[in-house]
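Step one of this worksheet: look at the structure below.
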Amino acid sequence: MSVKKQMSALEGMEVDHAKEKRKIEETHSYACKVGGRCESSPSTPSKTPAPKKTKNVDPAAASEPSLMEVQNNIIQILSEKINNRADHLEIMIKNNSKEIESICESLNSIHSDVMGLKNENESLKKENMEMKKKAAQLEQRMNDQERYSRRWCLRLHGVAENSSEKVKERVKEICRAVVPEEQRNEVTAAVDIVHRLGRLRAAEDQRGNPRPIIIRFISRTARDLIWKHARQSPFLQTRGLHFKEDLTADGREIRPT
């Protein structure tokens with residue numbers, strides 16, 4: 001056999017060996033996909049696996065805590081903070097409860113005082129109403145008494161004033177001139193108290209507007225007699241004189257003269 005033929009035969013054998021190896025690899029790859037488990041390639045000769053290379057560990061990296069340790073530390077810190085906050089809140093709640101209790105006691109005391117004052121105020125109101133009622137009754141009685149006492153009095157207006165006047169004698173003369181002659185002595189004897197009302201004014205005022213004279217009679221009969229004849233007396237009309245009843249303030253409002 002020539003050298004050329006031997007070389008061709010060797011090349012053919014190598015080609016067949018390569019084809020067979022590729023077919024085995026394809027079959028093995030398909031089996032891995034279908035079975036889900038791959039062994040080492042059957043074409044690979046069984047050899048003792050090489051020992052794993054160990055990585056060089058950094059001492060600083062080895063001292064760093066793991067993720068679990070970090071989580072545990074965070075949980076512990078948060079738990080401590082929550083417990084501290086809870087203790088603080090509990091203390092605050094206790095203090096607030098004491099303050100609220102104290103405020104409630106103060107409010108109860110104030111409420112009791114207010115109720116006492118309210119009852120006292122109601123009692124004072126009733127007492128005040130009774131006193132007002134009694135005062136009104138006393139005032140009415142005084143007015144009645146004053147009105148009754150004034151029934152013996154008359155007021156005479158228009159008598160001129162002078163510094164040396166004798167008011168009582170002047171009033172007696174006027175009363176005698178008002179009543180009939182047969183009653184003059186009776187009326188004159190009944191004149192009891194006579195005086196002018198109000199403060200003494202200046203001379204000009206005295207001449208223009210003399211102060212009125214109040215006359216108190218001993219008997220109602222004499223007073224009523226003067227009052228009866230004074231209404232139509234020509235003597236009074238010609239001299240600008242006139243009598244008025246001596247009324248109280250309430251009486252003047254009810255029955256002005």
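We did not get these values from a lab; they are worked out from the coordinates using the rules stated. Bear in mind the structure is a predicted one, so any value in this text is a computation, not a measurement. Neighbour counts run over all protein chains shown; Cβ positions are idealised from the backbone, glycine included.
Could you calculate the FRET efficiency of Asn108 with Glu139 from 1/(1 + (r/R0)^6), where r is the beta carbon distance between them and R0 is 51 Å, rounded to 0.05? Numbers along the way, then the final one.
Details: r = 46 Å, r/R0 = 0.90.
That gives a FRET efficiency of 0.65.
For Leu156, Leu225, which order do you get if you count the other beta carbons within 10 Å of each Cβ and list the fewest first? Don't jump to the answer; show the numbers that get you there.
Details: Leu156 23, Leu225 20.
Least crowded to most crowded, the residues run Leu225, Leu156.
Full-extension gain between Asp192 and Lys118, please, as 0.36 nm times their residue separation minus the C-alpha to C-alpha distance.
Working: separation 74, 0.36 × 74 = 26.64 nm, distance 5.75 nm.
Net length gain for the segment: 20.9 nm.
Only counting other Cβ atoms within 10 Å, I'd like Trp152, Trp227 sorted with the fewest neighbours first.
Details: Trp152 19, Trp227 15.
Fewest-to-most ranking of Trp152, Trp227: Trp227, Trp152.
Using a Förster radius of 41 Å, what is the FRET efficiency between Glu64 and Lys94 based on their Cβ-Cβ separation? Nearest 0.05, please. Show your work: numbers first, answer last.
Numbers: r = 44 Å, r/R0 = 1.08.
FRET efficiency, Glu64 to Lys94: 0.40.
Using a 10 Å cut-off around each Cβ, can you sort Ser219, Ser66 from fewest to most neighbouring Cβ atoms? Mind dumping the intermediate values first?
Details: Ser219 14, Ser66 8.
The fewest-first ordering by Cβ neighbours comes to Ser66, Ser219.
Please state, to two decimals, what the Cα-based radius of gyration of segment 152-254 comes to when divided by 2.2 N^0.38 Å (N = residues).
On the way: Rg = 13.6 Å, N = 103, 2.2 N^0.38 = 12.8 Å.
Here the answer is 1.06, to two decimals.
What is the calculated FRET efficiency for Arg184 to Asp250, with r their C-beta to C-beta distance and R₀ = 35 Å, to the nearest 0.05? Spell out each step's value before the answer.
Values: r = 35 Å, r/R0 = 0.99.
It comes to 0.50.
Which of the residue pairs Lys168/Lys244; Lys98/Lys118; Lys94/Lys118; Lys166/Lys244 have a Cα-Cα distance greater than 28 Å in the structure shown? Show your work: numbers first, answer last.
Details: Lys168/Lys244 17 Å; Lys98/Lys118 30 Å; Lys94/Lys118 35 Å; Lys166/Lys244 21 Å.
From Lys168/Lys244; Lys98/Lys118; Lys94/Lys118; Lys166/Lys244, over 28 Å: Lys98/Lys118; Lys94/Lys118.
Distance in nm between label sites at Met129 and Ile77, each 7 Å beyond Cα in the beta-carbon direction?
7.6 nm
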